[in-house]
Amino acid sequence: MQGFITRVGILLFVVTNFNGLNADSNCAEGFFKLGEKCYLIKADTRMNWYQASHFCRQHNSDLAVIESESEMQSINDYLVQQKYFDSHFWIDASDLATEGEFVYHSTGQPMNYSRWSVGQPDNYKGQENCVRLWYTTNGFYMNDGACFTEFAHPICALTQPFLIFSNQLFKSTFKNFVDTFFHDEASVVSISYKKNPTNLLTDW
Ligand SMILES: [Ca+2]
Ligand SMILES: [Ca+2]
């Protein structure tokens, strides 16, 4: 019996870690862990960049901010494993405000890390202002696309501070707090983005 339980335990561990996906209790429902962040990738529906951004906000998250090579690699590895070679995926960056200056919408911060595909960003026909990932040679790379008229899948990411509310009691307290003072959890996260997550409660 002991051996059977051990084998079941090992099987569950393997299943929940399949393809690097962790059924992580720190991620909100519907999200999964890739590297250090929790993601929701809506691969069955395509939408323009604004709709994608709205979709993420409806799920208390924002389109993904990709801050490092390791984050880009984690997302790339997942998309490759899922064989999404013919699909495009929106992230949160755009140069809507100033042509050629890509900024993350949710944080207001410049896009310091990038993995552009060759020849991109090209602002094709003067109409490409939103950043999406597409598969070119051996991996997913960034390409600017038309925000309104191109349709791609959203990659939503929960920002870090949400993790400290992983406990159910904290989650419900946090929700009441958010409902009282803000539109949604993502607003709180955006405002507190540069602060130490552990100071989130004491800061307010
Ligand atoms: Ca542009
Ligand atoms: Ca382009």
Exercise. How far is it, in nm, from the label point at Gln73 to the one at Leu96 when both lie 7 Å from their Cα along the line to the Cβ?
Worked result: 3.2
Exercise. Taking the Cα centre of the stretch 30-158 as the origin, how large is its charge dipole in debye, to the nearest 20, when only Lys and Arg (+1) and Asp and Glu (-1) carry charge on their Cβ atoms?
Worked result: 420
Exercise. Taking the Cβ of Cys130 as the center, what net charge do the other residues with Cβ under 11 Å away carry, scoring Lys and Arg +1 and Asp and Glu -1?
Worked result: -4
Exercise. Leu34's amide H: which non-local residues (gap 5+, or another chain) put their own amide H closer than 5 Å, with H modeled 1.01 Å from N in plane and none for Pro or chain starts?
Worked result: Tyr39
Exercise. Using mean Cβ contacts within 10 Å as the protection proxy, how do 115-121, 90-96 order, highest first?
Worked result: 90-96, 115-121
Exercise. Sorted by accessible area with a 1.4 angstrom probe, largest first, how do Tyr39, Tyr113, Tyr124, Tyr141 fall?
Worked result: Tyr124, Tyr141, Tyr113, Tyr39
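The values are calculated or read from the model by the stated rules, or taken from the named source; none is laboratory data. None of the values given here were measured: they were computed from a predicted structure. Positions of Cβ are generated from backbone atoms using ideal geometry, with glycine treated the same way; all protein chains shown enter the neighbour counts. Side chains included, ligands, DNA and RNA excluded: accessible areas come from the protein's heavy atoms. Shrake-Rupley method; radii C 1.70, N 1.55, O 1.52, S 1.80 Å.
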